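The values are calculated or read from the model by the stated rules, or taken from the named source; none is laboratory data. Keep in mind that what you see is a predicted model, and the values were worked out from it rather than measured. Methodologically, a virtual Cβ is constructed for each residue, glycine included, from the backbone with ideal geometry; neighbour enumeration extends over all protein chains shown.
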Amino acid sequence: MNDQQFEYLVQELSSARRFTEATAETLRQHFDESTGTLRSELRQHVDESGALLRRELRLHLDESGVLLRRELRQHVDESAGMLRDELRRHFDVVAEDLRSDLRLVAEGVAMVDAKTERQIEALRLDMISQSAETRAMLKLSYVDLERRLSTLEARP
């Protein structure tokens, strides 16, 4: 290889190096521009997707809240209805038990009343009997006193 060829190769190599550096610089600039554009597009896409996700999430939460409130209201209404029915049955049982107790008390009062009436009648009959006996004894006593008084008056 001679000097001319060597010199030619050095120039070609130098030219290739400059071309490579220029191409690398162009690629760097293009890469930087593309990266900036991609970042901007990505950021915009992420922002749009985030906003869309927030709207969808808000809508889903609102729908879920409405559904949960409806289910809770239905459950509370059903529970209140069951509790009302259970309380009504309980009070009906208590009322029937009270009626039964009142019947027993009324029967007891009627029995005491009948017993008291019988005792009053027995006492009345006893008083009538004793009163008659007392009158009879007083009559006898007056007859006896009358006889004695007559005897005393007849004596001189």
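List of remarks:
- When D144, D85 are checked against the criterion of being modelled with pLDDT under 90, surrounded by 10 or more Cβ atoms within 10 Å (Cβ to Cβ) and among the charged types (D, E, K, R), D144 stands alone in meeting it.
- Here M1 fulfils each of the conditions (1) in a helix (DSSP H, G or I); (2) more than 41 Å from the chain's Cα centre (by Cα) apart from (1).
- Pair list, Cβ < 6 Å and 6+ apart or interchain, from the stretch 23-50 residues that are in a helix (DSSP H, G or I) to residues that are surrounded by 10 or more Cβ atoms within 10 Å (Cβ to Cβ) and among the aliphatic types (A, V, I, L, M): none
- Boolean, R54 is under 41 Å from the mean Cα position of the chain (by Cα) and among the charged types (D, E, K, R): yes
- Members of the stretch 1-34 found to be at pLDDT 85 or above and among the β-branched types (V, I, T), listed by number: T20, T23, T26
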